[in-house]
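For reference, the structure is listed below as structure tokens.
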Amino acid sequence: MKENSIFYHPRDREIEFFERAYKLSWPLLLKGPTGCGKSRFVQYMAAKVDRPLIEVACHEETSAVDLVGRFVLKGGETVWQDGPLVKAMRDGAILYLDEVAEAREDIIVALHPVLDHRRTLFIDKTGETLRASPGFMVVASYNPHYQSHLKELKPSTKQRFMALSFLYPEEADEIAIVQKESGLEKDMVEKLVRFSAKIRNLDHLDLRETVSTRLIIAAAALIKEGAPKRASVDCGIIQALTDEPETVEALREAAALYF
């Protein structure tokens, strides 16, 4: 197996369980907040098991056609063009559906026969019944705390997956991750992580999303590049969290205690 060039800091036994799910050809659902490392984990594991990775960022306009494929005009002829799902099935690739609950309902229904023991897809536009090649795996992610009740995955879909829950890393792990990703000195990374932990516990601010590891890395990278510390926190973290002037001011006051 080739050397993995993608950095990922494990938290628990997620690597082991991904490998077992992969060997069983079982779909895997990753649940957790924004920016906690779900996508990086999938990229790392795809490289670890040495399979190509096809990533799809799902949104409310993502339809089954976008996933399966369509006829397109090419050189004056109408030809079939595989979508990411069909390409992954043919190539034995890992298909990563990021924020799958955001996709339209028809995309979820189209996935059902692919996700269970059949591992097949009927392409009605071409009449082909496609069976997944060895190595094919579906990995999906979503943020259960962000979705509205209209965007929840149905039990009939959830129960086709094994599932892993992700949280933000423990303090020591998060420091190691941010330091590795940004190259910033440890003492400043520690301040950034502790400031972010403080914000995560300020429930009264009513933030839609809290400080992600991704945002801490952004602020650390700015500081590493020579930007002023407090301005880096403002640009990399605070302004990315909220547009409310009062909340921005409250976060700036909190930052002043650390930087």
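Would you mind getting the accessible area per residue of region 2-82, heavy atoms of the protein chains only, 1.4 Å probe, in Å²? Present the calculation step by step, with values, prior to reporting the outcome.
On the way: 4530 Å² over 81 residues.
Spelled out: the 1.4 Å probe surface of region 2-82, per residue, equals 56 Å².
The protection proxy used here, the mean number of other Cβ atoms lying within 10 Å of each residue, ranks peptides 204-211, 61-68 as follows, highest first: 61-68, 204-211. Which one, Leu95, Leu184, Leu24, has the greatest fluctuation when you compute a Gaussian network model over the chain with C-alpha springs under 10 angstrom? It is Leu24. Relative to the current alpha-carbon distance between Leu73 and Asp116, full extension at 0.36 nm per residue lengthens the span by 12.1 nm. Mean separation of Cα pairs under 8 Å and 6 or more residues apart, divided by the residue count, gives the chain a relative contact order of 21 percent.
Using a 1.4 Å probe on the protein heavy atoms, what percent of the accessible area of region 42-82 belongs to carbon and sulfur? With neighbouring chains kept in place, the figure for region 42-82 is 48 percent. Selection among Gly32, Pro134, Pro84 by position relative to the dipole of the chain gives Pro134 as farthest towards the positive end (Cβ unit charges, Cα centre). Rounded to the nearest 10 degrees, the angle from helix 105-115 to the longest Cα principal axis of the chain is 70 degrees.
For the ranges 42-53, 225-236, what's the packing order if you count other beta-carbon atoms within 10 Å of each residue, average per peptide, and put the highest first?
Numbers: 42-53: 18.7, 225-236: 16.8.
Ranked by mean Cβ neighbours within 10 Å, highest first: 42-53, 225-236.
Take every pair of alpha-carbon atoms less than 8 Å apart whose residues are at least six positions apart; their mean separation over the length of region 109-187 yields a relative contact order of 18 percent.
Along its three principal directions, the equivalent ellipsoid of region 168-259 from the Cα gyration tensor extends over semi-axes of 20, 14, 11 Å, largest first.
Expressed in Å, the radius of gyration and Dmax of the Cα atoms of the chain are 20.9, 65. Quick one: angle between helix 38-48 and the longest Cα principal axis of the chain, in degrees between 0 and 90, rounded to 10, please. Taking Cα atoms only, the helix is inclined about 60 degrees. Across all directions, the average flat footprint of the convex hull enclosing the Cα atoms of region 1-103 is 8.3 nm².
The values are calculated or read from the model by the stated rules, or taken from the named source; none is laboratory data. Small disclaimer: the values here were computed from a predicted structure and weren't measured. All Cβ positions, even for glycine, are placed from backbone atoms using ideal geometry, and neighbour counts span all protein chains on display. Accessible surface is based on the protein model in full, side chains and every heavy atom, while ligands, DNA and RNA are left aside. Shrake-Rupley method; radii C 1.70, N 1.55, O 1.52, S 1.80 Å.
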